[in-house]
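This report concerns only the one structure given below.
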Amino acid sequence: MSCIDDETLEFRAPTQAIARWETTTGCYWDSLNGIPSSLHGSSVGDKDSFFPNRVIKASNDTCQLHADLLKATESTEEKPASSNEVRNAFEVALKDMEAMKKINDNDQGPRSTERMAVRRMMACYWNNSFPFSIDLVGAVIRQGTFIEKMHHISCLFSPAARFSVTRLLTKYARFIAITRVASSHGRTMVVPMLDVDLAWHTHQLSPAQYFTYTVAEAGRFINHDDKINDVDLPDDFAWNSRQYQQRYEELYSECTCWYCEAIR
């Protein structure tokens, strides 16, 4: 019996099909700020985000990457396949400047955005057994944890629930506005309170409206990353709270029990 990890298995099928341009590796976005750019006047295959595909497809003539990837994803009992082997194959190929120049038809080799595309493509498969860009099992577990937290927010079941929801929508709009301020201060993360997070999750159920709103109000598409390292949260939360209180003269963190909601 051969051994192969799921994440490597998911990489093998696209690698085999790329030679016929039937698929793309991973699911990722080429824009650094999440805002799509027009494809008018350009070929989709020439976009920087398709650089990994171009390298794999052209490697039969210019380098050994395609063969190396198939070999890296071929597992035996003596040598199980892994994503590390896939990464190593890409690293070797990218160091072949002559081959890269031929693939890109230039004298400079891969651009920084093209190297970023390789990293993003690999991130789709790293510790991920799904053919999508996220671990669906982990996402469902985290969503279940979020639902459990929401169930314990007293204000959602209080007689003043309508008032509470109206207030949290105002708070959510302010939260999005603060993300623009955070970007201007070099910060990449703002921390929502549970009530704000509820509005945030709900808003994302309407993806087009969410995209339009966040780009208009924050100047960029805001990705909801629920895999944040808890070590960084206290400092970010403290900064978030200060900004909120300075801008709106209200506390950011408030009790949401029935009594406190009723007397506000």
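Quick notes on this one:
- Among the conditions (1) open to solvent by less than 90 Å² (accessible area, probe 1.4 Å); (2) modelled with pLDDT of 85 or more; (3) assigned to a helix (DSSP H, G or I), the only one that residue 252 does not satisfy is (3).
- Of all residues making up region 99-120, the number that are open to solvent by 20 Å² or more (accessible area, probe 1.4 Å) and under 26 Å from the mean Cα position of the chain (by Cα): 7
- Here region 129-140 is the region considered, the condition is being over 17 Å from residue 201 (Cβ atoms) and open to solvent by less than 80 Å² (accessible area, probe 1.4 Å), and the residue that is modelled with the highest pLDDT is 135.
- Within region 183-198, the set of residues being surrounded by fewer than 19 Cβ atoms within 10 Å (Cβ to Cβ), assigned to a helix (DSSP H, G or I) and touching a residue at least 24 places away in the same chain (Cβ under 8 Å) comprises 183, 194.
- The residues listed here are 155, 124; of these, the one that is in a helix (DSSP H, G or I), at pLDDT below 80 and closer than 19 Å to residue 251 by Cα is 155.
- When the residues of region 141-172 are filtered to those that are aliphatic (A, V, I, L, M) and open to solvent by 30 Å² or more (accessible area, probe 1.4 Å), the one that is nearest to residue 192 (Cα to Cα) is 169.
- Residue 245 being part of a helix (DSSP H, G or I) and within 22 Å of the chain's Cα centre (by Cα): no
- The one condition from (1) modelled with pLDDT of 60 or more; (2) open to solvent by 70 Å² or more (accessible area, probe 1.4 Å) that residue 96 does not meet is (2).
- When residue 176 is tested against (1) open to solvent by 40 Å² or more (accessible area, probe 1.4 Å); (2) free of Cβ contacts under 8 Å to residues at least 60 places away in the same chain, exactly one condition is not met: (1).
- For region 158-170, a residue qualifies if it is assigned to a helix (DSSP H, G or I) and in contact (Cβ under 8 Å) with a residue 40 or more places away in the chain, and the qualifying residues are 163, 164, 167.
- Here the condition is being open to solvent by 40 Å² or more (accessible area, probe 1.4 Å) and touching a residue at least 12 places away in the same chain (Cβ under 8 Å); of 204, 209, it holds for 204 alone.
The values are calculated or read from the model by the stated rules, or taken from the named source; none is laboratory data. Keep in mind that what you see is a predicted model, and the values were worked out from it rather than measured. FYI the Cβ positions are ideal-geometry reconstructions off the backbone, even for glycines, and counts take in every protein chain you see. For accessibility, only protein heavy atoms count, side chains too; no ligands or nucleic acids. Shrake-Rupley method; radii C 1.70, N 1.55, O 1.52, S 1.80 Å.
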